[in-house]
Amino acid sequence: MDRAVEVTAGGFDRYVAARGGELWAAAWLLTGDAQHAEDLVQTALSKTYWRYDTFVNDRHFEAYVRTTMYRTFVSWWRRLQWRSEVPSDSPPDTPSPLEDPAPGADLRRALATLPRLQRTVLVLRYFEDRPTREVAELLDIPEGTVTSHVSRGLAALRRSPHLATPEDQS
Amino acid sequence: MNDNDLSDAFRAAVPPRPDTREWAEGARRKARRRRVGGTFAALLLVAAMATPLAFNLPGRSTVLATPSPTATATRLVPDICKDPVPSASPLVDGDLPDGATRVWLCGRSDTGSELELVGLPDPLVEGAGQAVAAFNALEKSEGVLDCLPNPLDYTVVVEYPDGVHRALRIAGCGDLRDATGMFDIFRADGAGYLAELQALWAAERAQTEFAFTGADVCDASYSSVLRPIEADDLARAVACGADGSAAELEDDLTSDILAELTAGTSVTGGDALWGAPLPDLVLLTATGDPVALHRESEGVYWWDDGYARFRWGPIDPALEARILEAQGPDGGPTPTGTPMPSLPEEPRAGLVSQVCDDIQSGRIAAEDLADTEEVPQGATRAWLCGDRWETFGGVGPLEPLSTDPDRVAAAINALPSPDYEACTEMGGITYHVVLDYPDGDRRIVSAETVNCEWVGGWGNRAGGAQLLQDLLPLWAAQREAAPEPFVEEVDVCSDTAALVGLNSLGPVERGSLYRGVVCGHPADAADGEDWIQRELPGDLVLAISQAQPVPDQSGVFTQGGAYLVLMNQFGDPVTYAVTQPAGESPQIRTWEWVWTPGADLMPLWVETLAGLRLE
């Protein structure tokens, strides 16, 4: 992912047109669903819209949008009909079915079995390539907690039958 | 699969990005719907609650005329909502019993600011049973305490015929729980439950034609827990005078105000500062959901819905003149929007603010207040500090109380005069309150929680234990309203910490621990006596926070061994000893319990302690 893309200031519309897709990509990994990803991005944009003019450039604004998006997802994005999530540190016993096959469906299924905070930490670490300290600051949690979630999340993914390689299964 | 594989898999997994060129307009519409002030479409839950009267903006002459309501209320905060939790009975096996007579939706006043969240002024009667059943049907959950602020903040009070009432409140990330408990069973989906309650109220109000008819709404800055209130639902306006008086505005002026507000062209987000505690203008829905507007400057107002702040204006000068006239000859409760003078930031000494460290180290000391002398109002911030290390002083909050710190002075001044007939001077100081004033003046008031419990020195006031219990919630509310997690790396290992421990003045629940360090001397004395500090692995912190230790008050541990300093997300510390009985694994021990990590964590635990002296 190219996080170094320079986004010049040019109004809220221009910003969204230029960067909305990248926001959506992260949201897709969090939600595992194109429509929910769009909802999440739209929610984050609507929550940050009023602050757009207070940022000196679009890059700073994007950091604010992303923070809002991740926090929204972690803290109160509770549409239970999305999936039967268990708000605990333990993965749900049974992953919700995701019907439509799509590119990366295995990873999506594997991520869907993780608690939201764990999933969010993994997306930040491995999709956005953010260092542990930055993840901790963005989510307002201690670095130790980030490390723990990464460790547990990776362990869960490695155990996931959705990501098992033939060698793993042999 | 290694880490690089995972990164590659993430990138390869995401489908092609959609065309987002039209999303900005969607977000803009959504943003306006979220806030009062947009030309909103009628949607969401609040709209479902509005009576038809609320949609009569242009012709507001019938606002309170037809049809005559059969049910009314005149006070925004019913008595039962003022402090329902202390007298509440617990749930029964995690459920609300059947047979409820009334259900109330309440807000809260301890928001950490002048803001007072209000629920609904009228009870649910016919639908009380359904409200109980809806709660009992919610999925039980373990609850999540470690999330960021969420926009839900309400309390539900359920009354029973025998005079008992029970209360539910929002916890952590939006779950519900028994308001009388801390870590009991949670119910998921506080947002969904609120929506169900709103639907029940809407149905009942449609039958009773309920209307809120009170105008006494200027005595606090009220905001509804049903935020955001839709501008289209607002129906009434009350002007507030300088003395807190309230005057309902004429229909034509109300219509003009609401018309300008609903035009939505002059509403923006903002970070207005509390300058005056009381509003200048209060807008209300027909059923009493309030929006309290504070005048920032002529023609410019702001309001706080408890989750964000908004600015409205500049409005038409002629309209502003009419509002000012309605407020009376003295205008409103000015000044507003005047930022408090800022004081230099206080440096920190590890987990202690500099001023508290100065007190604990004896570099500065409190001065006794004269008999009945009062602590001045006007402080910009207040600190809460533990006593000197030699007396096993605790650690106060790292941050000062900057939200209405005058409450601290007021709490001290409200304490009774001492009556020392039954106590001696023994007992010792246990904590200190520091008040910083804009002119640089600093007052330090000491208090003890034991024995005479004097405050402000011998002979001034008494009640130090209760004072501490009254002050700690002020910090808690400030943290809840504006959390600033403490993420700095700090050195905490020292001879002092080993001797007396680093322990917060307030309670630090084990379940709230977020991170920690282990302190110890080198195992080999030949390597010196310097303290070694290591970060405690996250897995161990989690395990400690969730452990079920064995009660054990034998409390046998020495001062030369290793110890843990753990912190919650705000840096409030607690110290646990590490002991290793002969032939056993290293344990974590307090005066109350002992716990040994399980077999799965034992290798990590042993590795963490490797090379440290255990005694």
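The values are calculated or read from the model by the stated rules, or taken from the named source; none is laboratory data. None of the values given here were measured: they were computed from a predicted structure. With ideal geometry, Cβ positions are generated from the backbone for all residues, glycine too; neighbour counts draw on all protein chains shown.
For the range A:42-53, the set of residues classified as facing chain B (nearest Cβ under 7 Å) and out of contact with any Ser or Thr (no Cβ under 8 Å at 6 or more places or on another chain) consists of A:42, A:45, A:46, A:49, A:51, listed by residue number. Considering the range B:96-117, and only residues there that are acidic (Asp, Glu) and at pLDDT below 90, the residue that is surrounded by the most Cβ atoms within 10 Å (Cβ to Cβ) turns out to be B:116. Checking the range B:536-545 against the condition returns no match, with no residue being without any contact (Cβ under 8 Å) to a residue 60 or more places away in the chain and not in a helix (DSSP H, G or I).
Looking at the structure I just gave you, is residue A:59 modelled with pLDDT of 80 or more, more than 10 Å from every other protein chain (Cβ to nearest Cβ) and farther than 26 Å from residue B:312 by Cα? Show your work before the answer.
On the way: modelled with pLDDT of 80 or more: yes; more than 10 Å from every other protein chain (Cβ to nearest Cβ): yes; farther than 26 Å from residue B:312 by Cα: yes.
Against the criterion (modelled with pLDDT of 80 or more, more than 10 Å from every other protein chain (Cβ to nearest Cβ) and farther than 26 Å from residue B:312 by Cα), residue A:59 qualifies.
Counting only residues that are modelled with pLDDT under 80 and surrounded by fewer than 16 Cβ atoms within 10 Å (Cβ to Cβ), the range A:111-161 holds 3 of them. Residues in the range B:207-231 that are surrounded by fewer than 22 Cβ atoms within 10 Å (Cβ to Cβ) and of a type in the set (Asp, Glu): B:209, B:216, B:219. The set of residues in the range B:498-527 that are assigned to a helix (DSSP H, G or I) and either within 14 Å of chain A (Cβ to nearest Cβ) or out of contact with any helix residue (DSSP H, G or I) (no Cβ under 9 Å at 6 or more places or on another chain) (or both) comprises B:498, B:511, B:512, B:525, B:526, B:527. Taking the numbered list (1) assigned to a strand (DSSP E or B); (2) modelled with pLDDT under 85 in turn, residue B:446 passes all entries but (2).
Screening the range B:347-372 for residues that are in a loop (DSSP other than H, G, I, E, B) and of a type in the set (Gly, Ala, Ser) and picking the one that is nearest to the chain's Cα centre (by Cα) gives B:350.
Within the range A:3-20, does at least one residue satisfy the condition of being modelled with pLDDT of 85 or more, part of a helix (DSSP H, G or I) and more than 9 Å from every other protein chain (Cβ to nearest Cβ)? Scanning the range A:3-20, I find no residue that is modelled with pLDDT of 85 or more, part of a helix (DSSP H, G or I) and more than 9 Å from every other protein chain (Cβ to nearest Cβ), so the answer is no. Taken together, B:134, B:179, B:188, B:88 contain a single residue that is buried (at least 17 other Cβ atoms within 10 Å of the Cβ), out of contact with any strand residue (DSSP E or B) (no Cβ under 8 Å at 6 or more places or on another chain) and modelled with pLDDT of 80 or more, which is B:134.
The one condition from (1) surrounded by 13 or more Cβ atoms within 10 Å (Cβ to Cβ); (2) within 32 Å of the chain's Cα centre (by Cα); (3) at pLDDT below 80 that residue B:53 does not meet is (2).
Filter the range B:490-523 for residues that are acidic (Asp, Glu) and touching a residue at least 60 places away in the same chain (Cβ under 8 Å) and give the result.
B:491, B:509
Of the listed requirements (1) within 14 Å of chain A (Cβ to nearest Cβ); (2) on the phi > 0 side of the Ramachandran plot, residue B:489 misses just one: (2). Being touching a Phe, Trp or Tyr at 6+ places or on another chain (Cβ under 8 Å), modelled with pLDDT under 85 and within 29 Å of residue B:206 (Cβ to Cβ) holds for only one residue in B:78, B:121, B:69, B:58, and it is B:69. The residues in the range B:355-376 that are surrounded by fewer than 14 Cβ atoms within 10 Å (Cβ to Cβ) and modelled with pLDDT of 85 or more can be counted, and the count is 1.
Is it fair to say residue B:580 is more than 16 Å from residue B:502 (Cα to Cα), free of Cβ contacts under 8 Å to residues at least 12 places away in the same chain and among the polar types (S, T, N, Q)?
Working: more than 16 Å from residue B:502 (Cα to Cα): yes; free of Cβ contacts under 8 Å to residues at least 12 places away in the same chain: no; among the polar types (S, T, N, Q): yes.
For residue B:580, the condition - more than 16 Å from residue B:502 (Cα to Cα), free of Cβ contacts under 8 Å to residues at least 12 places away in the same chain and among the polar types (S, T, N, Q) - is not met.
Only one entry of B:322, B:311 meets the criterion of being charged (D, E, K, R), at pLDDT 65 or above and assigned to a strand (DSSP E or B), and that entry is B:311. Within the range B:597-615, restricting attention to residues that are part of a loop (DSSP other than H, G, I, E, B) and touching a residue at least 12 places away in the same chain (Cβ under 8 Å), the residue that is surrounded by the most Cβ atoms within 10 Å (Cβ to Cβ) is B:597.
One residue stands out in the range B:439-477 among those that are in contact with a Gly (Cβ under 7 Å, 6 or more places away or on another chain) and more than 18 Å from residue B:383 (Cβ to Cβ): the one that is surrounded by the fewest Cβ atoms within 10 Å (Cβ to Cβ), namely B:450.
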